[in-house]
Amino acid sequence: MSDETTRAAVEAVWRLESTRLVAGLVRIVRDVGLAEDLAQDALVAALDSWPRSGIPDRPAAWLMTIAKRRAVDLYRRHERRDVLYAAIARDRGADVVEPDFAAAVDHVEDDVLRLMFVCCHPSLTPEAQTTLTLKLVGGLSSREIARAYLTSEATITQRVGRAKRTLTEAGAALDEPAGADRAARLTTVLGVVYLLFNEGYSATEGGDWTRPDLCAEAVRLGRIMATLVPDDPEVHGLSALMELQSSRLRARVGPDGEPVLLRDQDRGRWDHVRIGRGLAALDRSAALAQQPGPYALQAEIAACHARAARAEDTDWAAIAALYERLGRVSGTAVVELNRAVALSMAYGPQAGLELLDQIAGAPALRGYHLLPSVRGDLLERLGRPEEARAEFERAAELTRNDRERRLLLDRARRLAP
C-alpha cells in the first residue's frame with residue numbers, strides 16, 4: 001500500500017474514531033486538554049508507523065492503546081504513575097487492547113455523550129460550552145464552527161483555548177452530572193447536537209455537499225438523549241427533526257456527488273423508516289408540551305415536506321406560518337431568511353423579496369452566502385436575470401464548499417446573456 005493510500009486510511013480512521021478516542025481518554029486521565037493531546041500523539045504515531053507496518057486489524061483500538069502508553073509515560077515523568085495506573089486498571093488494564101469502543105459503556109451510557117456534558121460545564125460561558133463541544137465531540141474545524149456562529153476563525157480558536165484553560169483552572173469535575181446539574185446543561189447539549197447535525201446535512205467546506213457520518217452521530221446521540229430524558233419535549237423535538245431531515249440525505253446528492261435541491265429530489269429515495277421514526281418522535285414531543293419549542297417547530301416544518309408525495313404538494317403556506325412562529329420564539333435572522341423562501345413559494349417571489357430586503361442588513365447575515373443565494377433565486381423567478389447572476393456569483397465567492405460553489409456558478413452561467 002502506498003504512503004498516500006495509507007495516509008488517506010489514517011485520516012479516514014481519525015474522522016470516524018477521534019471523538020470516541022478523546023471521550024474515552026477524558027474518562028481515564030480526567031483532563032480534557034491532556035486527552036486531546038494524547039489523541040493527537042496517537043495520530044502522529046499512526047502516520048509514522050502504518051505506512052511501514054500496515055493498517056492494523058483494529059485501528060481504533062490501536063490508537064487507544066498508543067494513547068494510553070503515552071499517558072503512562074507522561075505520568076511517570078511527572079511522578080503520578082500510581083494515579084494513572086489505577087485509572088487505567090479500572091479501564092481493563094493498560095496492556096489490554098479494547099476490541100470495540102461500543103463496549104466502553106459509561107454512567108450516561110456513552111462516552112461521547114458524557115464528554116458533551118463535561119464540555120457544557122457551568123464554569124464555561126454558553127458560547128464556550130457549545131464551541132468546545134463542537135470542536136472535541138463534533139470534530140469540526142474552527143472554520144466550520146465559525147460558520148455556524150457567523151463569526152471569525154480567530155474568535156473560535158481563542159474561545160476554544162480559553163475554555164480548556166477554564167476547565168483546568170476551575171478543577172472542573174469530570175464525572176457525570178446528575179439531577180439539576182444535568183438538566184441545566186441539557187439545553188446546551190441539545191444545541192450542540194443540533195449544530196453537529198447541521199454541519200453534516202450541509203457541509204461548510206470541502207468537496208462533499210453532505211457529511212452523513214456527522215448526521216448519523218447526531219441522530220444516534222439524539223436517540224440516547226430521548227432514552228435518558230424521556231419527559232423533555234424538546235429532546236423528542238430535536239430527535240424528530242434529525243430523523244426527518246436525515247431521511248432525505250440519499251436524495252440530496254446525485255450519482256457524482258453533485259447537490260440536488262429539494263424541489264428536484266427523487267422522493268422515492270427518501271428513507272421512509274426514518275420518516276416514520278421522526279413523525280413518532282414529533283407526536284411524543286407534542287404530547288409533552290402545551291406549546292412547541294424551537295426544535296419541535298422545525299420538526300413540524302420538516303414533517304410538512306415529508307408528508308408531501310410530490311414537491312408541488314408541499315403546503316408552503318403552513319410552512320411560512322410555522323417559520324413565523326419559530327421567528328417569535330428564536331428571533332434569528334436566519335429563520336427570517338428561511339421564512340422569505342417559504343413566503344416566495346406560497347405567495348410568489350415578490351413576497352419573499354420584500355422580507356429579504358427588510359433583513360438584508362442584519363449583522364448575523366453579513367458574509368452569509370445563503371443570503372445572496374436566496375436573493376438570486378427570487379430575482380431569477382421575477383425575470384431579472386442580470387441581477388440574479390450577480391447574486392449567485394457573490395454567493396459562490398462566500399461559500400467554502402466546493403460542490404455548492406460549482407452549483408452557484410452553474411446557475412450564474414445559465415443566466416449569462
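Every number in this text was worked out from the coordinates using simple rules, so none of it is lab data. From a predicted model like this one, the values you see are computed outputs, not experimental measurements. Every residue, glycine among them, receives a Cβ derived from its backbone with ideal geometry; neighbour counts consider all protein chains shown.
Toward the positive end of the charge dipole of the chain, with +1 on the Cβ of Lys and Arg and -1 on the Cβ of Asp and Glu, the farthest Cα among V260, L34, I359 is that of L34.
Which whole-number percent of Cα pairs in segment 17-62 have a distance greater than 12 Å?
Numbers: 629 of 1035 pairs.
Cα-Cα pairs in segment 17-62 separated by more than 12 Å: 61 percent.
Checking every one of the trypsin sites (Lys or Arg not before Pro) in segment 233-313 against DSSP loop status and a limit of 13 other Cβ atoms within 10 Å picks out R310.
Using Cα pairs closer than 8 Å and at least 6 residues apart in sequence, work out the relative contact order for the chain, in percent.
On the way: 574 pairs, mean separation 42.5, N = 417.
10 percent.
Summarising the amide proton neighbourhood of G206: residues at separation of 5 or more, or on other chains, whose placed amide H is nearer than 5 Å comprise D402. Considering only Cα atoms, the convex hull volume of segment 333-417 works out to 82 Å³ per residue. The Cα trace of segment 184-338 gives Rg and Dmax of 15.0, 45 Å, the first to one decimal, the second as a whole number.
Working value for segment 276-326: equivalent-ellipsoid semi-axes of 19, 14, 6 Å, each the square root of 5 times a Cα gyration tensor eigenvalue, largest first.
Our summary of shape: the Cα atoms of segment 262-417 have principal axis extents of 53, 35, 30 Å, ordered from largest down, in whole angstrom. Here is how the number arises for the chain: DSSP H runs of 4 or more residues each give -39500 (n - 2.57), the sum is divided by the residue count, and the result at 222 nm is -22500 deg cm²/dmol.
Compared with the rule-of-thumb size 2.2 N^0.38 Å for a compact globular protein, segment 182-244 has a Cα radius of gyration ratio of 1.14.
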